[in-house]
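Reading through the structure tokens given below for one structure.
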Amino acid sequence: MELAFTCPDGRELQGTLFQVPDGVERLGTVVIGCATAVKANYYQRYAAFLATAGFTAITFDYRGIGESRGGSLRGQTIRWYEWGSLDIDTVLAWAFAHDGGLPVNFVGHSFGGFGVGLAERADSLGRILTVGAQHAYWRDLTLRHQAGHWGRAALMLPLIPIFGYFPAKRLGLMEDLPAGVALDWARSRKDFTTAARGPQRTALLAHQASVTAPILALAPDDDSYATLPAMERAVASTPNSPSRVIHLHPEDYGETSLGHFALFHSRYKDTFWEQSLAWLKGGDWV
């Protein structure tokens, strides 16, 4: 079922609702937050899996991405933190308004797992599961991948003023990025909230401090973005949430490599997906 969400600034987002089948006990809601430059439909199989298990699931595209692109990106003033403070928060508001008194949980991939802490309504979440969550601070990367980060930044910076956005699709690199988001990524701040100023930054810090849901932060140990320092920095941004950080081993999933994106692929339905489901239901990670 297709959904439209209207943010406080009037921006409209597009999403999809995956409903629990008739005859299955409803356990709650799971909102899924995307990685940067990844469309929501990448997570549709995982969302459908959660729905068949009893969780109403919601996927959505951030402003400027996929079905929420909103036409040409040239001239659109979108900041990375707005994906959390406005977009994730708006979808959470809808989820809480339709929760039926059941828990609302969050699953966030990459930026989605960090960005949820920027949302005001994250203070009412039941559980937060993150996969590869971090905000691309370059010093958290290995030396080899630090060079890669700055190489990508060097590619981005001259192209943004020419096109008015980062034309990732033309380069075969996933989704185009709004200029503000691409610049925020390229600048790679140690403290993500310094991308905002004055009252906006104060609000972001307050939102992060208000989150108290338990966080399970996961990533394959060969994820070049989600190193342990990067994951620990992400969970430290929500200091009042009990958190557990775990690096997963590809060999435990019958693989030699998993990287940053693999775990949402349907071939992990009987392994990682089942593990995540058990934790979202209130169990332990095993």
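The values are calculated or read from the model by the stated rules, or taken from the named source; none is laboratory data. Remember, it's a predicted structure, so these values are computed and weren't measured experimentally. Here the Cβ is made from the backbone with ideal geometry for all residues, glycine too, and neighbour counts use every protein chain on show.
Numerical summary
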read-out	value
Subset tally (residues that are surrounded by fewer than 18 Cβ atoms within 10 Å (Cβ to Cβ), within 21 Å of Tyr225 (Cβ to Cβ) and not aliphatic (A, V, I, L, M)) for segment 240-250	4
Counted residues, segment 251-286 - those being among the hydrophobic types (A, V, I, L, M, F, W, C), crowded, with 16+ Cβ neighbours inside 10 Å and part of a loop (DSSP other than H, G, I, E, B)	2
Residue that is in contact with a strand residue (DSSP E or B) (Cβ under 7 Å, 6 or more places away or on another chain), outside any strand (DSSP E or B), at pLDDT below 95 and surrounded by 14 or more Cβ atoms within 10 Å (Cβ to Cβ), where the choices are Met231, Met156, Met174	Met156
Among the candidates Gly151, Gly84, residue that is assigned to a helix (DSSP H, G or I) and surrounded by fewer than 14 Cβ atoms within 10 Å (Cβ to Cβ)	Gly151
Close pairs (8 angstrom Cβ cut-off, 6 or more residues apart or separate chains): farther than 18 Å from Ala136 by Cβ in segment 230-242, at pLDDT 95 or above and surrounded by 21 or more Cβ atoms within 10 Å (Cβ to Cβ) anywhere	Pro239/Gln208; Asn240/Val211; Ser241/Ile128; Ser241/Val211; Ser241/Ala213; Ser241/Ile215; Ser241/Val235; Pro242/Ile215
Filtered residues of segment 173-199 (kept if free of Cβ contacts under 8 Å to residues at least 40 places away in the same chain and more than 17 Å from the chain's Cα centre (by Cα))	Leu183, Ala186, Arg187, Asp191, Thr194, Arg197, Gly198, Pro199
Filtered residue count, segment 1-28, keeping only those that are aliphatic (A, V, I, L, M), part of a strand (DSSP E or B) and either under 8 Å from Thr56 (Cα atoms) or in contact (Cβ under 8 Å) with a residue 24 or more places away in the chain (or both)	3
Tally, over segment 177-203, of residues that are surrounded by 18 or more Cβ atoms within 10 Å (Cβ to Cβ), in contact with a helix residue (DSSP H, G or I) (Cβ under 6 Å, 6 or more places away or on another chain) and not in a loop (DSSP other than H, G, I, E, B)	6
Residues that are among the hydrophobic types (A, V, I, L, M, F, W, C) and closer than 15 Å to Pro220 by Cα, drawn from segment 259-285	Phe261, Ala262, Leu263, Phe264, Phe272, Trp273, Trp285
Of all residues in segment 15-36 being of a type in the set (Gly, Ala, Ser) and in contact with a strand residue (DSSP E or B) (Cβ under 6 Å, 6 or more places away or on another chain), the one that is farthest from Leu86 (Cα to Cα)	Gly28
Condition check for Asp221: in contact with a His (Cβ under 9 Å, 6 or more places away or on another chain) and either at pLDDT 95 or above or not hydroxyl-bearing (Ser, Thr, Tyr) (or both)	yes
In segment 134-144, residue farthest from the chain's Cα centre (by Cα) [restricted to those that are modelled with pLDDT of 90 or more and part of a helix (DSSP H, G or I)]	Arg139
Odd one out for Val31 among (1) farther than 26 Å from Val211 by Cα; (2) under 16 Å from the mean Cα position of the chain (by Cα); (3) outside any loop (DSSP other than H, G, I, E, B)	(1)
